[in-house]
1. Only one of THR127, THR109 is closer than 17 Å to LEU64 by Cβ and touching a helix residue (DSSP H, G or I) at 6+ places or on another chain (Cβ under 9 Å). Can you tell me which?
2. Select from region 124-153 the residues that are within 18 Å of ARG84 (Cβ to Cβ) and modelled with pLDDT under 90 and write down the one among them that is surrounded by the most Cβ atoms within 10 Å (Cβ to Cβ).
3. Counting just the residues of region 154-172 that are more than 20 Å from ASP91 (Cβ to Cβ) and without any contact (Cβ under 8 Å) to a residue 40 or more places away in the chain, which one comes out surrounded by the fewest Cβ atoms within 10 Å (Cβ to Cβ)?
4. Across region 25-36, what is the total count of residues that are under 14 Å from LEU64 (Cβ atoms) and loosely packed, with under 15 Cβ neighbours inside 10 Å?
5. Return the total of residues in region 37-57 being exposed (fewer than 15 other Cβ atoms within 10 Å of the Cβ), among the polar types (S, T, N, Q) and over 16 Å from GLU16 (Cα atoms).
6. In region 155-186, what count of residues is obtained for those that are in a helix (DSSP H, G or I), of a type in the set (Gly, Ala, Ser) and more than 16 Å from ARG98 (Cα to Cα)?
Amino acid sequence: MPQPSRPKRINERKREQTRAALLDAAMQVIARAGPDAATVDAIIQQAAVSRGTFYNYFESPETLLTALATKLSDELLAHIGTVRLLPDPADRMACSVRTFIRTAAADRTWGWVIVRIALVAAPLGATMRAFLTADIEEGRAARRFTVPSIQVAADIVLGSALMGMRSVLRGEAGISHAEAIASGILRALGADDPDELVTRPLDADGIAARSRP
């Protein structure tokens with residue numbers, strides 16, 4: 001198969017960079033003022049590009065928000081990728097919540113955007129609920145969780161995790177709030193060992209050791 005010419009490769013790279021700059025600008029605006037503030041004018045001012053440039057990449061702020069939610073969904077999966085290998089659904093839940101909140105504390109822009117669009121941006125919300133539903137169903141089947149309703153359980157997890165993240169971002173709680181929130185969620189789901197679960201290592205080696213059969 002013939003390779004793209006050098007000018008074409010440069011043009012493609014420039015387009016990727018401009019698109020990424022628009023997404024990053026939207027993140028900055030949303031983190032600062034919420035999704036309603038992510039107008040075309042606000043985004044192009046933040047990105048220092050023209051209105052025409054915006055419309056070369058996105059039809060509207062709504063299509064940009066969908067693209068941003070997809071990007072954040074992919075990043076979220078990357079953050080908890082190794083956690084998905086854990087065999088115990090309660091351990092997965094604890095590690096996911098802790099990682100979620102700790103990542104937000106380390107990257108405040110990412111954290112604020114997640115807090116502000118997680119429940120309104122379909123790709124991101126769908127990804128989060130898909131994993132939650134699977135883990136809760138598996139936890140109930142294994143008698144690790146005793147909740148009668150998967151929907152109620154998912155709402156408890158999402159609501160608590162997002163509010164816990166918000167508390168840390170607002171400076172109302174320290175980083176150990178990640179463990180407190182995870183423990184509270186596990187208690188609400190009926191796990192019998194929440195305090196032990198939230199002390200397990202989050203590093204790759206620790207997770208790998210628990211993932212081995």
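1. Details: THR127 fails: closer than 17 Å to LEU64 by Cβ.
Matching residue, one of THR127, THR109: THR109.
2. Across region 124-153, the extreme among qualifying residues is LEU124.
3. Step one: filter region 154-172 for residues more than 20 Å from ASP91 (Cβ to Cβ), giving 155, 159, 162-163, 165-172.
From what's left, without any contact (Cβ under 8 Å) to a residue 40 or more places away in the chain: 155, 159, 163, 167, 170-172.
On the way: ASP155: 13, GLY159: 12, MET163: 12, SER167: 16, ARG170: 10, GLY171: 7, GLU172: 9.
So, considering only residues that are more than 20 Å from ASP91 (Cβ to Cβ) and without any contact (Cβ under 8 Å) to a residue 40 or more places away in the chain, the one surrounded by the fewest Cβ atoms within 10 Å (Cβ to Cβ) is GLY171.
4. Here is the first cut: in region 25-36, the ones under 14 Å from LEU64 (Cβ atoms) are 25-30, 35-36.
Of the ones still in play, those that are also loosely packed, with under 15 Cβ neighbours inside 10 Å are 36.
Looking only at that region, the number is 1.
5. 3
6. Taking region 155-186 and keeping what is in a helix (DSSP H, G or I), we get 155-169, 177-186.
Then drop every residue that is not of a type in the set (Gly, Ala, Ser), which leaves 159-161, 164, 167, 178, 180, 182-184.
Subset that is more than 16 Å from ARG98 (Cα to Cα): none.
Counting residues in region 155-186 that are in a helix (DSSP H, G or I), of a type in the set (Gly, Ala, Ser) and more than 16 Å from ARG98 (Cα to Cα) gives 0.
A quick yes/no check of all residues on (1) without any contact (Cβ under 8 Å) to a residue 60 or more places away in the chain; (2) in a helix (DSSP H, G or I); (3) over 16 Å from the mean Cα position of the chain (by Cα):
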position: THR109; (1), (2), (3): no, yes, no
position: ARG116; (1), (2), (3): no, yes, no
position: LEU119; (1), (2), (3): yes, no, no
position: ALA130; (1), (2), (3): yes, yes, no
position: GLU138; (1), (2), (3): yes, yes, yes
position: VAL147; (1), (2), (3): yes, no, yes
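The values are calculated or read from the model by the stated rules, or taken from the named source; none is laboratory data. The shown structure was predicted, so the numbers you read here are calculated from the model rather than taken from an experiment. Glycine also receives a Cβ, built like all others from the backbone with ideal geometry; neighbour counts cover every protein chain displayed.
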